[in-house]
Structures are given as structure tokens and as C-alpha cells.
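I have placed the structure first, in the form of C-alpha cells, so that the comments after it can refer back to it.
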Amino acid sequence: KSGRLPGDFFRELGRAGRLGLTIPEDHGGAGAGYLAAAIAMEELCRASAAATLSYGAHAYLCCTNLFTHAGPDLRRKYVPGLVSGEKIGAFALTEPGAGSDAASMTTRAIRGAGGWLLNGTKLFITNGSIADVFLVFARTQRRRGTGALSAFVVERGFPGFTVGRDIPKLGTCGSPLSELVFKDCVVPEDNLVGVEGRGLAYMLGGLDMERAVFSGMPVGIAQAALDYALAYAVKRRQFNAPISSFQLVQEMLAQMATELEAARLLTYQAASRLDRGQPVSKHASFAKLFGAQMCLRATQQAVQIVGGTGFTRECPVERYYRDA
């Protein structure tokens, strides 16, 4: 209700070993892989989609992408703090005029004496107002194209970097969505991630991973909605019978359960392909598309089954619907 995550949320996840599921054990992680990550997203999302969104942005968009593409020095500098939850991470890609069309990105990074100067604005950045470490994408050449983008690690305290406003949302309200502003932000030379000009490839690979792992979110929301709706239907009586005995309600529950299982299998398939090093773009997109559509249908049906109470904030299905 406060619209904020608990202050010890990330440290608790770190102590539980959940922030490093995709990070090898020799770097402080669990080495459990992407299927484990998708299942963690699913189970956490049964309780809170907002908490899960912030968790995913930290553990996978920031920490996993950083580990995958950074050299040994950057890994040693930033990964342990992210895995322990001592530091909070964010992934800064989207801009006011560049979302899916990353080639139109206008944030610039110009090499200077001893480092880089970043100028530009990022928008809709999950964890923006609470993060300590940001994986930021910027243009390092004037031309458009695959060799024009690079990735950098930016810390909250770097000169010239400020966090703008938080942006209110319909759902996932406890997870902050923020604006980031770079005005001659000074970034050390060593904070370039991987190879200059490889940013687009890093981004596309990271988004494939995101689609697969984050597809656990709609599965978790829909499972919570089904659990609540089923328990309510068994308990709620109308016309001297539990409403679970009505064929219309039975049909909605059956549809929810069937589509939920299909979305879960699509998600596990995509995550398993990641673990095996197989191409995943198509399968991750299937999982994300079907899961999102399934989740919206399932939560709407849960509101219908619960009835008028489902429209109130005294009932969790109202939140599931908004989060979906």
C-alpha cells in the first residue's frame, strides 16, 4: 500500500541465494541456471509482481548481463555486491524516443581524458530511484547501426548523473519506474563493458534472456489468481450450493488451469534452451506473448468468479488483474 519495497528486500534475497542463480559458484552465485531463475520468478510472483519485477531487473537484466559481457576486473568489482544484495542493480536502455528501436538511441558516450562523458536521458527504468549500479547503453559513434552502441557500468554517485522523477503506474506499484539524466556524467575508462561497439549484440542477447526468465512472472500471477478463485468458489455459496458446482464457473476454472499449464511449459522450454545454449529468440517470444495474454485472461476470470468483492482492494485478485 505504501508503494515501496521493504528496505531489506534485496539483502534477504541475497542471504537466501536467489540473486545469483545464474552466476557461477566461483563468483559467489548458485550456478543453478536459467530454468531455476524462471521458477524463482514464478514463485516470487505468486506473492508480489512488483517485488518480482524489481528482483528480475536486479538479478538478470543488470547482474547476469554484466557478468556475461564484462571482463574479470568489472566482475570482481561489481558482481559480489549485486549477488549479496548489498548493492541494487538496474538496466538502463529505454529512452523517451527509443524503446524497441534501440538503433535510434540518442544518449551519447564520448571518450575523454581518463574516461567517458555520457549525455542523455533514460526513461521507464525499473529500480531507477533505488539502484546503486546501472548497466547503461549509449551511442559511442555518430552513425546508426550495430557497431554504434556500447554498454557501461555507472554508479549512483558518479558526477553528472542524477535520478529524475518516479513515474506512477497502473500495476506493479511497489517497483519504482524512473527517469535517469546524464549531463557530462564522468564514467571511468575501465567501466566500459566488454568491447566498444558491441552494445547492440549484448542488448539483444540480454533481451532474449529476459523474455525467457521474465515469462515466469505471468505464470506466477495466474497461479495466484487460480488458487484464490478456486478456494473462493468452493467456499462461496449461492442458491444453496457452492458456486464451484456451477458449470459456468467450472468452465472458467478449467480454462484458467489449462492455459496456465501451457504458459508454464512454454516458459520452462525457453529457459531450458538457454541452459543448453540453444537458440531461444523464437521460443522466448512465444512464452512471453502467450504468458502475457493468458495472465490477463486468467486474472479477469478470477475477478468474475469472485464477483463484486473482486473489484475491491480488500481482495488480492484486484491487484493480480492490474499487475497482469
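The values are calculated or read from the model by the stated rules, or taken from the named source; none is laboratory data. None of these values were measured; they are calculated from a predicted model. Positions of Cβ are generated from backbone atoms using ideal geometry, with glycine treated the same way; all protein chains shown enter the neighbour counts. Accessible surface is based on the protein model in full, side chains and every heavy atom, while ligands, DNA and RNA are left aside. Shrake-Rupley method; radii C 1.70, N 1.55, O 1.52, S 1.80 Å.
When the helix-only estimate is applied to the chain (DSSP H runs of n ≥ 4, each -39,500 (n - 2.57), divided by the residue count), what is the mean residue ellipticity at 222 nm, nearest 500 deg cm²/dmol? Here the helix-only value at 222 nm equals -14500 deg cm²/dmol.
Given the C-alpha centroids of region 92-154 and region 39-56, what is the distance between them in whole angstrom? Going from one Cα centre to the other spans 27 Å.
When Cα Rg over 2.2 N^0.38 Å is computed from the coordinates, the matching label among [x] 1.13; [y] 0.97; [z] 1.06 is [z]. With respect to the cross-link table entries Lys77/Lys183; Lys183/Lys288; Lys1/Lys282, which display a Cα-Cα separation exceeding 32 Å? Result: Lys183/Lys288; Lys1/Lys282 exceed 32 Å. Provide, in order from the shortest bin, the percent of all Cα-Cα pairs of region 84-230 in each 5 Å bin, continuing until the bin that contains the maximum pair distance. Cα pair-distance distribution for region 84-230, in percent: 2, 9, 17, 21, 20, 13, 8, 5, 3, 2, 1, 0, 0.
In the context of the full protein assembly, Ile130 retains an accessible surface of approximately 60 Å², using a probe radius of 1.4 Å and ignoring ligands and nucleic acids.
Here the chain is treated with +1 on each Lys and Arg Cβ and -1 on each Asp and Glu Cβ, and its dipole about the Cα centre works out to around 480 debye. Around the Cα centre of region 91-168, unit charges on the Cβ atoms of Lys, Arg, Asp and Glu (plus for the first two, minus for the last two) sum to a dipole of about 380 debye.
Computed across region 51-119, the Kirkwood radius stands at 13.8 Å (inverse of mean 1/r, all Cα pairs). Computed from the alpha carbon positions, the gyration tensor of region 132-185 leads to an equivalent ellipsoid with semi-axes of 25, 16, 10 Å, biggest first.
Percent antiparallel among DSSP beta bridges with both residues in region 1-156, to the nearest 5? All intermediate terms of the calculation are to be shown ahead of the outcome.
Details: 13 of 18 bridges.
Roughly 70 percent of the DSSP beta bridges within region 1-156 come out antiparallel.
With the convex hull drawn over the C-alpha atoms of region 219-290, the volume per residue is 73 Å³.
Counting only protein heavy atoms and a probe of 1.4 Å, the accessible surface of region 47-154 is 55% carbon and sulfur.
Values of log10 I(q)/I(0) for region 262-324 across q = 0.14, 0.20 Å⁻¹ run -0.50, -0.72, by the Debye formula with one identical scatterer at each alpha carbon and no solvent.
If you average over every viewing direction, what projected area does the convex hull of the Cα atoms of region 1-125 give, in nm²? It would help to have the intermediate numbers written out before the result.
On the way: hull surface 37.8 nm².
Mean shadow area of the hull around the Cα atoms is 9.4 nm².
Between Leu265, Leu123, Leu44, the Gaussian network model of the chain with springs among Cα atoms under 10 angstrom shows the greatest mean-square fluctuation at Leu265.
Between Ala47 and Glu189, the modelled label-to-label distance comes to 4.6 nm, taking each label 7 Å out from Cα in the direction of the beta carbon. Bridging of Lys169 to aspartates and glutamates at a Cα separation below 20 Å is possible for Glu95, Glu179, Glu314, Glu318, Asp323, once same-chain residues fewer than 8 apart are set aside. Just want the answer: with Cβ charges of +1 for Lys and Arg and -1 for Asp and Glu, which residue in Tyr232, Met105, Ala49 is farthest toward the dipole's positive end in the chain? It is Met105. Sorting 100-112, 48-60 by average packing, meaning the other beta carbons within 10 Å per residue, from highest down gives 48-60, 100-112.
Peptide packing: for 204-210, 77-83, the average count of neighbouring Cβ atoms within 10 Å per residue gives the ranking 77-83, 204-210, highest mean first.
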